[in-house]
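First comes the structure, then the notes that go with it.
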Amino acid sequence: MIIKSAYFTAVLATALALALVPAAAVAQTEPQTRIALMPFLLGQLESPNALLVKPLSTPVANMAVDNRGLPEEADRVINRLLTAALKQRYAARLVPWEEVVTAYGSIGQDPLNDTPRKRAIQLGQAVQADIVVVGTIWRFREKGAVEGVPDSPASVGFALYLVDVETGARLERGFFDGTQKALTEDVLGGAKQLGMGLRWLSAEELARFGIKTVLRKLSAGMDR
């Protein structure tokens, strides 16, 4: 009786172990959502206060651009900042920036007929990404950059959109449109509200804070 009991116990333990192996293997090999950051587009698709139903269907050539608020390096800086932030959170799932740049450069681009959605889908397919982050930037102004106003504060405006590559659907969108207030006018606000102390911020510091703020809103769409 004891021998039979021990035998059946061993058989049961083996069966349970075998049953658990496939589940563990599936959990370990289950594919994760791949994320790609498309190079930022210069201009504004919509205002945070006047949202469009299909902003990503706007032709790239129709994006509103104010070159006075956009220095030449603005897109490179914001691309670098956002790539670093995404890499910190989604390292294994983020398509390497070098791969994105190469693929994006190989896509035939026609500003009159291209839309941000179209470019995002093409890029996603080229790098085998599931989600593409589309960014637009319309302002990246340093402190004192306004002509005739030496004390003008830094100001940054950008938007981020998540596009599902398979369906082309917009999953999420978020905006940052921030201008630091003069410290003399708002001693308890301004930079202190940004958690950076009472001091003047550079446009890059303001953009870094904005990226952190917007990504918190978009995280649900990327944590699929």
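The values are calculated or read from the model by the stated rules, or taken from the named source; none is laboratory data. On a predicted model such as this, the values are computed, not experimentally measured, just so you know. Every residue, glycine among them, receives a Cβ derived from its backbone with ideal geometry; neighbour counts consider all protein chains shown.
As for region 40-57, it holds no residue that is surrounded by 11 or more Cβ atoms within 10 Å (Cβ to Cβ), modelled with pLDDT under 85 and over 20 Å from LEU123 (Cα atoms). Can you list residue pairs whose Cβ atoms sit under 6 Å apart, with the first residue in region 60-84 being free of Cβ contacts under 8 Å to residues at least 60 places away in the same chain and the second being surrounded by 17 or more Cβ atoms within 10 Å (Cβ to Cβ) and assigned to a helix (DSSP H, G or I)? Count only pairs 6 or more apart in sequence or on different chains. From residues that are free of Cβ contacts under 8 Å to residues at least 60 places away in the same chain, the pairs are THR83/TRP97. Would you call ARG119 touching a Leu at 6+ places or on another chain (Cβ under 9 Å), over 24 Å from THR167 (Cα atoms) and basic (Lys, Arg)? Taking the combined requirement at face value, the residue does not satisfy it. Residue count for region 96-113, restricted to those that are acidic (Asp, Glu) and in a loop (DSSP other than H, G, I, E, B): 1.
Restricting attention to region 166-203, the residues that are modelled with pLDDT of 95 or more and either among the charged types (D, E, K, R) or not in a strand (DSSP E or B) (or both) total 7. Among the residues examined, ARG216 qualifies as modelled with pLDDT under 95, of a type in the set (Lys, Arg) and out of contact with any helix residue (DSSP H, G or I) (no Cβ under 6 Å at 6 or more places or on another chain). Cβ-Cβ distances below 9 Å connect the following pairs, each with a first residue in region 152-176 that is free of Cβ contacts under 8 Å to residues at least 24 places away in the same chain, a second residue that is in a strand (DSSP E or B) and buried (at least 20 other Cβ atoms within 10 Å of the Cβ), and a separation of six or more residues or different chains: SER152/ARG141; ALA169/VAL163. Scanning region 46-95 for residues that are under 26 Å from ARG224 (Cα atoms) and in a loop (DSSP other than H, G, I, E, B) turns up PRO48, LEU51, LEU52, VAL53, LYS54, ALA91, ALA92, ARG93, VAL95.
Evaluate the following for GLY135: is it surrounded by 13 or more Cβ atoms within 10 Å (Cβ to Cβ), at pLDDT 95 or above, outside any helix (DSSP H, G or I) and small (Gly, Ala, Ser)?
Criteria met by GLY135.
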